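To start, the structure under review is shown below, and the notes come after it.
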Amino acid sequence: MNLPRQLKRWLCAGGLLVGAYAPMAVAQVTPPEEYLGYKPGADFHLATYEEAMGYLESLAGQTERMQIFDAGPTSEARRMKYAVISSAENMGNLDRHKEITRRLSLARGVSDDEARQLADEGRVVVWISGGIHATEVAPPMHHIQLAYDMVAGEDRKTRFIRDNVILVLVLMNPDGMTMVADWYMKNVGTAYEISPLPVLYHKYAGHDNNRDSFMANLVETQNINRLTSLEWFPEIFYEQHQTGPFPARIWLPPGAEPVNPNKHPLILRQKNLIGSAMGHALDEAGQTGAISRTTYDVYYPGYVDGPVVETHNIPSILTETALYRYATPRFYTVNDFPESFRDMTMGVFYPSPWEGGWWRLGDAVAYNLTASKAVMDVAAKYRYEFLYNKYRIGKHVIERFAEEPPYGWIVSADQKAPNSAALMLNRLIGNGVEVYTADEAFVHNGVSYRAGSHIVPTSQPFGWFVKTIFERQDYPDLRKYSHLWQGLARPVRWDGVPFRPYDGVGWTLPIQMGVDAREMSAPVEVSKTLITEAVAPPGGATGGGSDYVFANTDNNSYAAVNRILAAGGAVSVARREFTVGGTRYAKGTFLARSGSIGSRALNAIASDTRISMRGSSAGADAAPLSQPRIALYKSWVANMDAGWITLVFDRYDFPYHLLTDAEVKAGDLRERFDIIVLPDQEANSIVEGHRDGTMPPDYVGGMTRAGVDEVLKFVEEGGTLICNNNSTDLAIEAFDLPVENVLRGVPTDSFNSPGSILRMNYDSDHPIAYGMPGEGMAFFSRARAFEIHSDTTENGASNDNPIPTVVARYPENTPLLVSGWLIGEHLIQGRPAILEARYGEGRVVLFGFNVDNRAQAYSTFKLLFNAMYHR
């Protein structure tokens with residue numbers, strides 16, 4: 001079936017290529033090259049998601065060995081589908097096998113003898129996924145070929161795998177797969193064949209879609225968590241990526257140090273077993289260049305693979321296969337190699353060095369096929385052990401945390417941000433965590449909790465996950481533990497620069513979300529009910545008066561404000577504290593004007609956002625708000641923080657415009673906008689953009705200096721420029737602000753905080769910090785600490801420079817680290833972290849740390865919201 005690309009896509013969309021599920025002979029199974037017109041992995045060819053899924057659905061219609069299931073929507077309203085492949089007999093008993101792996105995974109109510117019987121009857125569920133990073137194109141093309149091989153293969157090994165393994169085969173980023181394929185195929189044969197995509201290959205997250213696992217902001221992540229934690233409970237999770245450490249051709253377990261401490265030792269042993277089997281299979285096939293135990297650690301739990309999966313008692317396998325660009329081949333000589341690899345010295349974890357030559361997409365596909373089949377082969381050979389050990393690990397976690405701390409966490413019913421608390425709990429539930437509601441009031445450690453407070457025990461099958469997400473991290477300094485990582489005959493003391501981790505090292509979710517969660521020092525003895533959904537207290541507009549008052553401590557309050565303003569209502573913000581019926585309301589409290597919007601409409605908004613609004617005639621001193629005209633800068637150098645900010649804006653109903661370089665250079669910005677937000681993006685990237693000749697002409701260049709001048713004019717005429725982390729450098733230089741980043745150029749052995757939670761002091765009297773605690777937190781990752789020049793007094797003007805006002809600073813005489821790792825805190829103690837500078841008729845806001853942090857730092861979102869409202 002060799003149909004034109006657009007015709008095939010149209011037919012797939014209409015379901016015309018999906019065959020009915022019916023038993024047919026294997027001889028009638030269509031190979032992918034006959035359907036696509038090329039073999040998966042062929043040079044200069046990539047399939048869209050629609051084409052790949054069209055083939056998989058067609059294949060499923062030709063065999064009893066395969067079915068297609070729907071996982072849910074994508075961010076761009078596609079359907080995220082996946083394939084399940086096994087023997088016809090196993091497929092006929094799929095529900096039974098799912099029930100077996102569910103019971104073994106959850107462990108409760110299963111005796112050791114019954115677990116052995118279930119393990120003997122069951123089949124190992126192996127999850128293989130790829131393409132979450134859509135420019136890493138080999139894994140999706142591999143999926144197409146692997147499905148065919150596992151359905152049609154009649155060799156002894158394939159039959160053995162089918163009989164003992166249930167393969168769950170997932171394309172992780174349908175939207176991005178089509179975007180990348182369309183972009184590449186449009187450019188093949190032109191000067192821009194290997195040009196980077198000018199937009200994010202995931203609507204909100206881009207490459208960060210693999211950093212969303214524990215937070216699950218993205219619908220794709222929610223789909224994945226539901227499948228792995230609530231439906232399929234796989235025994236092995238294998239996620240394929242590109243590109244590995246050059247010049248190695250594929251990276252595979254074991255990983256680099258350190259490991260996240262919250263996992264059972266059997267998980268690490270199983271990972272190493274599988275990794276060794278993969279390496280053996282690759283060398284057996286003559287596929288050289290497999291490397292292990294370098295580059296990729298398994299500490300940060302944001303990945304779709306790694307600690308989140310492993311704290312669900314599933315060994316998680318990652319591979320990183322070599323990649324040049326898309327499906328374009330590349331020839332390498334040893335002169336392209338780093339010097340340390342040129343003499344082909346072998347090692348324990350790099351026993352067959354790659355010697356160079358051509359590298360093609362087809363090579364990467366072939367390596368992935370060997371690796372996938374090796375994973376399934378070892379799963380089949382150790383079927384009983386993987387199944388029974390899943391039960392043993394779950395049982396051990398339940399028993400361990402019934403006898404030792406931490407026993408769990410209590411999430412009080414009294415929260416300043418109840419919607420954030422409910423969201424956090426629902427993300428846990430979506431990850432298979434047991435969450436309970438207390439049926440009655442109780443006291444723990446001298447603290448009283450109302451009925452309706454939530455209890456999240458660690459004595460449950462996924463207790464390691466609870467501990468990982470709730471506890472404060474203490475990242476190990478590997479300089480102290482040479483025996484873990486050196487692999488030398490005699491460990492050598494290392495006193496040099498601290499080792500940089502692969503990603504963040506402090507993430508404690510309740511702190512990031514501003515949720516009051518307290519560790520249990522003993523099991524809580526109280527009547528409680530297991531819940532399937534956490535719900536914030538109901539909202540509504542009650543009472544009467546000139547205004548309806550509601551606090552701004554919950555992010556949903558801002559959604560309510562935006563909806564009221566969009567409906568033509570009037571909202572103001574209190575400039576001073578006031579009291580209503582004995583209740584004190586702080587500065588920044590919102591007041592919706594009675595009669596400016598119908599009472600039914602107002603009540604509907606309050607109910608939907610679950611915000612409590614109270615009628616009042618207190619006559620508070622308040623300033624009116626207007627809906628800001630917001631522009632979020634959108635560079636053709638695709639920026640992940642811009643994507644995350646759009647997610648935050650969409651979630652809280654902020655209307656915004658994506659501002660392009662051409663629009664900036666065209667000028668008249670103040671006529672159109674009140675606010676311009678520059679995301680966390682380096683100044684040179686904003687100004688220069690893509691170099692001429694590297695991209696099609698429409699995507700070349702950045703804002704340019706002329707555009708920067710237009711932004712400066714925008715502020716002079718009364719606009720507000722908001723800069724997030726890296727982009728503050730551009731504003732400081734362009735506006736000649738009397739400010740510098742004291743960490744600029746500081747070496748990592750003097751200061752290091754690679755993604756940690758630090759203490760922060762907020763001036764809650766300042767409008768930007770309304771609703772923030774005086775002593776709070778912030779997520780610090782490659783952030784800034786400012787110094788105001790000596791010729792400008794704090795909160796006072798010099799002759800030539802705008803007025804810098806300190807909104808937040810790092811505490812001066814207090815240890816800064818809350819969770820993660822920090823070296824050199826004295827360099828930032830007492831330094832400003834957020835500044836506001838007046839310039840002409842407008843102002844510039846400098847956020848020295850990323851206030852959204854991958855849309856995870858819910859507790860600091862309101863800093864951005866306030867900066868847009870109060871101008």
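Summary table below
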read-out	value
Among (1) under 26 Å from ASN419 (Cα atoms); (2) open to solvent by 60 Å² or more (accessible area, probe 1.4 Å); (3) assigned to a helix (DSSP H, G or I), the one test that LEU602 misses	(2)
Flag if PHE550 is hydrophobic (A, V, I, L, M, F, W, C) and surrounded by fewer than 23 Cβ atoms within 10 Å (Cβ to Cβ)	no
Answer residue from the range 52-62, given it is in contact with a helix residue (DSSP H, G or I) (Cβ under 8 Å, 6 or more places away or on another chain) and surrounded by fewer than 24 Cβ atoms within 10 Å (Cβ to Cβ) and is farthest from PRO31 (Cα to Cα) among those	GLU57
Count of residues meeting criterion [under 30 Å from GLY544 (Cβ atoms) and of a type in the set (Ser, Thr, Tyr)] in the range 598-656	8
Where VAL535 falls short, out of the listed (1) β-branched (Val, Ile, Thr); (2) in a loop (DSSP other than H, G, I, E, B); (3) open to solvent by less than 70 Å² (accessible area, probe 1.4 Å)	(3)
Residue that is modelled with the lowest pLDDT, among those in the range 850-871 that are open to solvent by 10 Å² or more (accessible area, probe 1.4 Å) and outside any helix (DSSP H, G or I)	ARG871
Hits in the range 100-146 (condition: open to solvent by less than 10 Å² (accessible area, probe 1.4 Å), outside any helix (DSSP H, G or I) and among the hydroxyl-bearing types (Ser, Thr, Tyr))	SER129
Selection from the range 507-532 of residues that are within 12 Å of LEU425 (Cβ to Cβ) and either surrounded by 19 or more Cβ atoms within 10 Å (Cβ to Cβ) or at pLDDT below 95 (or both)	LEU509, PRO510, MET513, VAL515, ALA517
Checking PHE337 against (1) among the hydrophobic types (A, V, I, L, M, F, W, C); (2) touching a helix residue (DSSP H, G or I) at 6+ places or on another chain (Cβ under 6 Å); (3) over 30 Å from LEU104 (Cα atoms), the condition it does not meet	(2)
Residue in the range 147-161 that is open to solvent by less than 10 Å² (accessible area, probe 1.4 Å), more than 26 Å from SER105 (Cβ to Cβ) and in contact with a Lys or Arg (Cβ under 6 Å, 6 or more places away or on another chain) present	yes
Failed item in (1) more than 24 Å from ASN164 (Cβ to Cβ); (2) among the basic types (Lys, Arg); (3) buried (at least 19 other Cβ atoms within 10 Å of the Cβ), with ARG65 passing the rest	(1)
Complete set of residues in the range 815-849 that are within 29 Å of GLU710 (Cα to Cα) and open to solvent by 20 Å² or more (accessible area, probe 1.4 Å)	ARG838, TYR839, GLY840, GLU841
Residue list for the range 183-238, filter: aliphatic (A, V, I, L, M) and out of contact with any helix residue (DSSP H, G or I) (no Cβ under 9 Å at 6 or more places or on another chain)	VAL188, ALA191, VAL219, ILE224, LEU227
Whichever residue in the range 70-99 is hydrophobic (A, V, I, L, M, F, W, C) and farther than 13 Å from ILE224 by Cα and, among such residues, is surrounded by the fewest Cβ atoms within 10 Å (Cβ to Cβ)	ALA77
Subset of the range 576-591 that is in contact (Cβ under 8 Å) with a residue 40 or more places away in the chain and buried (at least 17 other Cβ atoms within 10 Å of the Cβ) - its residue that is nearest to ILE768 (Cα to Cα)	GLY588
Flag if GLY693 is surrounded by fewer than 16 Cβ atoms within 10 Å (Cβ to Cβ) and either in contact (Cβ under 8 Å) with a residue 24 or more places away in the chain or in a helix (DSSP H, G or I) (or both)	yes
Single unsatisfied condition, SER557 versus (1) of a type outside the set (A, V, I, L, M, F, W, C); (2) surrounded by 21 or more Cβ atoms within 10 Å (Cβ to Cβ); (3) touching a Pro at 6+ places or on another chain (Cβ under 9 Å)	(3)
Count of residues meeting criterion [within 30 Å of SER412 (Cβ to Cβ) and not acidic (Asp, Glu)] in the range 474-511	9
Flag for GLY302 being among the small types (Gly, Ala, Ser), in contact with a Gly (Cβ under 8 Å, 6 or more places away or on another chain) and touching a residue at least 12 places away in the same chain (Cβ under 8 Å)	yes
Within the range 162-209, tally of residues that are within 30 Å of ASN93 (Cα to Cα) and surrounded by fewer than 20 Cβ atoms within 10 Å (Cβ to Cβ)	1
The listed residue being free of Cβ contacts under 8 Å to residues at least 12 places away in the same chain and in contact with a helix residue (DSSP H, G or I) (Cβ under 9 Å, 6 or more places away or on another chain), out of GLY122, GLY153	GLY153
Residue in the range 482-499 that is without any contact (Cβ under 8 Å) to a residue 24 or more places away in the chain, out of contact with any Phe, Trp or Tyr (no Cβ under 6 Å at 6 or more places or on another chain) and polar (S, T, N, Q) present	yes
Residue check, PHE237 open to solvent by less than 10 Å² (accessible area, probe 1.4 Å), assigned to a loop (DSSP other than H, G, I, E, B) and closer than 30 Å to MET376 by Cα	no
Selection count where residues are open to solvent by 60 Å² or more (accessible area, probe 1.4 Å), under 22 Å from PHE865 (Cα atoms) and out of contact with any helix residue (DSSP H, G or I) (no Cβ under 9 Å at 6 or more places or on another chain), scope the range 608-622	0
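The values are calculated or read from the model by the stated rules, or taken from the named source; none is laboratory data. Here the structure is a predicted model, which is why all the values come from computation and not from measurement. All Cβ positions, glycine included, derive from the backbone under ideal geometry; neighbour counts span all protein chains shown. Heads up: the accessible areas ignore ligands, DNA and RNA and are worked out on the full protein's heavy atoms, side chains in. Shrake-Rupley method; radii C 1.70, N 1.55, O 1.52, S 1.80 Å.
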